[in-house]
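Read the structure below first, then the notes.
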Amino acid sequence: LILADADAAGVPGCAHPPADNCIAADHADWSSKDRNRPTFLGRRALPTGSASDSCAKMYCRFSAVSRARMAARSLACPHISRTKDGHITLTGTSQTSRALSSGAGYLGVNDMPKYPANYSALTPLHWLGRAARTYGDHEAVVYGSIRRNWRETHARAVSLADALRREFAVARGDVVQVMLSNTPEMVEVHFGVPMAGAVLGTINTRLDAEAIGYILSHSRARVLIADDEFAPTLQKALAIVARETGTAPRVVRVTDYEVSLSEEGAACSGSERRRESQEGAGGVDNAWAPLTAECIGYEELISRGSDEFAWEPPRDEWDAIALNYTSGTTGKPKGCVMHHRGAYLTALGNTLAFGGMQSQHGCRYLWTVPMFHCNGWNFPYTVAMLGGTNVCLRRVNERSIEEAIRTQRV
């Protein structure tokens, strides 16, 4: 709202009449020094008598520039009007027909409407784009022979979001469950899934088929992204879901090229490491059968998306970003929803809880806490905010931790 002096706004004796959306305010409500300054509209009900019809008036109106900018964004310009009892109302916005102040007749500091120019929903997703722009060439993910910077990580997450919408028609409010170890894919889904408008579910990899089946069914999961290692258990869980609901989520399989898998699906190490490095190796296919033909590989899915996908932030910061389940030790697993605002504030608070952490891409975070546990306490978002490095760790044991600290400068 812009206050214009009477000479500019148009009063008796002035060249230009007031605009339709202008309301006269008694000049006595402002001191002379404030007369030409933008300020809040009056402090009381506006008078209707002729005593106010003088050059000691001021008019409240929207500038032509503001209106043009709002029109370009397809936003409705508020319309100011005065009720018969002299009170001012603001219409044409979310505050339609709402009195600017109960009985006071002025626009209070808590009555200002929200627009894209002055408000955006809190979400940690923006930090990934910021990391790509600010720390683009810095290492974002380290895992075995994999080295990806923030620009590449951002591109993969955006492509994943686009592919989920294209291939599976994922939309706002749909749940995408994942069952992954602390690998680069787990970092990417924390951004890619909510960028598609969906809700991320991270399943505890230690649960049995019955508990997993319940979670998939209860959350109405549309898609399941899972590591080949967990195929045997997931086969049983998917059978439970199909039997109880008549349908099952589409499966996206993640093959870890940095570790080989035995025919039973258990991770191997040492001399067997990377012996089987091609997606669809015999032992893995056997584990996913008979779903092999119906599955799509994670890398193939990303290749079907575009890194130029114009994802949209949440409409409301209270929109869900994650849906996590307990382990069911006292009954059935129980779901807990995390909204975008909560994830943003938790991730931001992490930097304070840990002494500020090292900023300016100095943080190297070793993933020992499972990312399926409360979304790794939202550290995937914290590391992105700091432009740090995610040092991924599939197996958490003394030897792997020691090696990571020594070789990755953790």
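The values are calculated or read from the model by the stated rules, or taken from the named source; none is laboratory data. A quick note: this is a predicted structure, and the numbers were derived from the prediction, not measured. Note: ideal-geometry Cβ built from the backbone for every residue, glycine included; neighbour counts use all protein chains shown. Surface accessibility is based on the protein's heavy atoms, side chains included, excluding ligands, DNA and RNA. Shrake-Rupley method; radii C 1.70, N 1.55, O 1.52, S 1.80 Å.
Below are the figures for this structure:
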| item | result |
| --- | --- |
| Mean-position separation - Cα centroids, segment 373-410 and segment 108-164, in angstrom | 19 |
| Shape call, segment 309-410: gyration tensor on alpha carbons, a/c limit 1.5 | oblate |
| Percent accessible area from carbon and sulfur atoms, segment 117-251, protein chains only, probe 1.4 Å | 44 |
| Surface accessible to a 1.4 Å probe, Y119 within the full protein complex, Å² | 80 |
| Chain lengthening between N118 and Q408 when straightened (0.36 nm per residue, less Cα-Cα) | 100.2 nm |
| Estimated distance in nm for a label pair at A169 and T330, the labels positioned 7 Å out from Cα along Cα-to-Cβ | 4.0 |
| Solvent accessible area, Å² - H373, 1.4 Å probe, full protein context | 80 |
